[in-house]
Amino acid sequence: MHIIEIYKSVQGESTWTGLPCIFVRLAGCNLRCTWCDSEYTFSGGKKMSLDEVEAEVLKLAPVKLVEITGGEPMLQERELIPLMERLLQQGFTLLMETSGERPLANVPKAVHKIVDVKCPGSGEGESFHLPNLEALTKCDEIKFVIVDRPDYEFARDFTRQHTLEAKVNAVLFSPAFRKDAAPARDAGNCALDPRELVEWMLQDGVNARLSLQMHKFVWEPLTKGV
Ligand code: SF4
């Protein structure tokens, strides 16, 4: 596998926010979102065997929550699925963050998938693999990263059209962070003011959950490996 980093921190997104978590960050992505904060994953990475990745994760125990992220993890599906099976067997709770562009049908059902649907402002608005809606379970979460009103309307309408609340554990509306974020750990670094997003959600009665990237309020927003 091509691995960028394996480290321990607190989970910064999703309904798992705030919990201690081991992150396994895979190299490579086939998308280029305008607001991407993980461009350092696009190339490189250390080549590691399944045994080596598993051993690194076990070293960071007793934390029992592991997130597989990237880049886009599913680009390494052939190695990733066996890794997931091993870690599940070791008793870890597994999360996977994915762009939603790759087919997810082969992911073990016990893995909690956190699946992006890219909004138009990402520049990758047509990338979602629609059959993935059939692979979702009530353990999963769908996330929209939102930069402006058209993105919000896309997220709202997609949520309603596909009755996402009935399909998944949570629908997350997350304001994008600015790529030129200042060191200040505050909402001024959001590309869209979270308060404005909340007002739109309340006006429309959208059954979604506001999601802020908590790690960007704990550490300076451009800090890597946290
Ligand atoms: S899918 Fe994720 S890693 Fe890839 S470009 Fe978009 S935000 Fe960055």
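On the accessible surface of the range 30-91, probed at 1.4 Å, how many percent belong to carbon and sulfur atoms?
51
Ranked highest first by the average count of other Cβ atoms within 10 Å around their residues, in what order do 10-22, 192-204 fall?
10-22, 192-204
If you take every DSSP beta bridge whose two residues both sit in the chain, what share of them, in percent to the nearest 5, is antiparallel?
Of all bridge pairs located within the chain, approximately 30 percent are antiparallel.
In the range 1-103, what percentage of the DSSP-assigned beta bridges are antiparallel, given to the nearest 5?
Of the beta bridges lying entirely in the range 1-103, close to 55 percent run antiparallel.
Any idea what the dipole of the chain comes to, in debye rounded to 20, about its Cα centre with Lys/Arg Cβ at +1 and Asp/Glu Cβ at -1?
Working: 26 positive and 33 negative charges, 92 e Å.
With only Lys, Arg, Asp and Glu charged at Cβ, the dipole is about 440 debye.
Which angle from 0 to 90°, rounded to the nearest 10, does the C-alpha axis of helix 149-161 make with the longest principal axis of the chain?
Taking Cα atoms only, the helix is inclined about 70 degrees.
Round to the nearest 10 and give me the degree value, 0 to 90, for the angle of helix 77-89's Cα axis relative to the longest principal axis of the chain.
On a 0 to 90 degree scale, this one is about 80.
Write out the cysteines belonging to the chain for which the nearest other cysteine Cβ is not under 4.7 Å, or none if no such cysteine exists.
For the chain, the answer is 21, 29, 119, 139, 190, because their Cβ atoms have no other cysteine Cβ under 4.7 Å.
Report the local net charge at residue 26: Lys and Arg +1, Asp and Glu -1, summed over other residues whose C-beta lies under 14 Å from its C-beta.
Taking every other residue near residue 26 into account, the sum is -3.
Gain in length, residue 222 to residue 81, computed as 0.36 nm per residue apart minus the alpha-carbon separation, to one decimal in nm? Don't skip to the answer; put the middle values down first.
Working: separation 141, 0.36 × 141 = 50.76 nm, distance 3.05 nm.
Separation in residues times 0.36 nm, less the Cα-Cα distance, equals 47.7 nm.
Name the shape class, rounded, prolate or oblate, that the alpha-carbon gyration tensor gives for the range 82-186, where a ≥ b ≥ c are the square roots of its eigenvalues, rounded holds for a/c under 1.5, and otherwise prolate holds if a/b is larger than b/c and oblate otherwise.
Verdict is oblate for the range 82-186.
With the cut-off at 32 Å, tell me which of the pairs 47/143; 47/167; 113/179 have Cα atoms farther apart than that.
47/167
Sort 69-80, 155-166 by packing, meaning the average of other beta carbons within 10 Å per residue, with the highest value first. Can you show the working numbers first?
Numbers: 69-80: 20.4, 155-166: 15.4.
Highest to lowest by the protection proxy: 69-80, 155-166.
With a 1.4 Å probe and every protein chain left in place, work out the accessible area per residue of the chain in Å², rounded to a whole number.
With the other protein chains kept in place, the chain gives 45 Å² per residue.
Relative to the longest principal axis of the C-alpha atoms of the chain, give the angle of the C-alpha long axis of helix 194-204, reported between 0 and 90° and rounded to the nearest 10°.
70
Against the globular-protein guess of 2.2 N^0.38 Å, express the Cα radius of gyration of the range 127-223 as a ratio, rounded to two decimals.
Relative to the rule-of-thumb radius for its length, the range 127-223 sits at 1.14.
How compact and how long is the range 51-98, expressed as Rg and Dmax of its alpha-carbon atoms in Å?
Spelled out, the Cα radius of gyration and Dmax of the range 51-98 are 10.3, 29 Å.
Can you run the Rg to Rh ratio on the range 135-190? Use alpha carbon positions and the Kirkwood inverse-distance Rh. Spell out each step's value before the answer.
Details: Rg = 13.8 Å, Rh = 12.7 Å.
Ratio value, two decimals: 1.09.
Looking at the square roots a ≥ b ≥ c of the eigenvalues of the Cα gyration tensor of the range 1-114, which shape do they give, rounded for a/c under 1.5, prolate if a/b is larger than b/c, or oblate?
Taking the square roots of the gyration eigenvalues as a ≥ b ≥ c, the range 1-114 is rounded.
Return the carbon/sulfur percentage of the accessible area of the range 108-210, one whole number, probe 1.4 Å, all protein chains in place. Before the final figure, lay out each step's value.
Working: 2320 of 4730 Å².
So the carbon and sulfur contribution to the accessible surface is 49 percent.
Rounded to the nearest 0.05, what FRET efficiency is calculated for residue 88 and residue 7 with R0 set to 22 Å and r the Cβ-Cβ distance? Each step should come with its number before you reach the end.
On the way: r = 21 Å, r/R0 = 0.93.
Calculated value: 0.60.
Which residue, 170, 188, 88, has the largest displacement toward the positive end of the dipole of the chain when charges sit on each Cβ (Lys, Arg +1; Asp, Glu -1)?
Selected residue: 88.
Determine the equivalent ellipsoid of the chain by diagonalising the alpha-carbon gyration tensor, then write out the semi-axes as square roots of 5 times the eigenvalues, largest first, rounded to whole Å. Mind dumping the intermediate values first?
Numbers: eigenvalues 148, 81, 52 Å².
Result for the chain: semi-axes of 27, 20, 16 Å.
The values are calculated or read from the model by the stated rules, or taken from the named source; none is laboratory data. Quick caveat, the model's predicted, so the values are computed rather than measured. With ideal geometry, Cβ positions are generated from the backbone for all residues, glycine too; neighbour counts draw on all protein chains shown. Accessible surface is based on the protein model in full, side chains and every heavy atom, while ligands, DNA and RNA are left aside. Shrake-Rupley method; radii C 1.70, N 1.55, O 1.52, S 1.80 Å.
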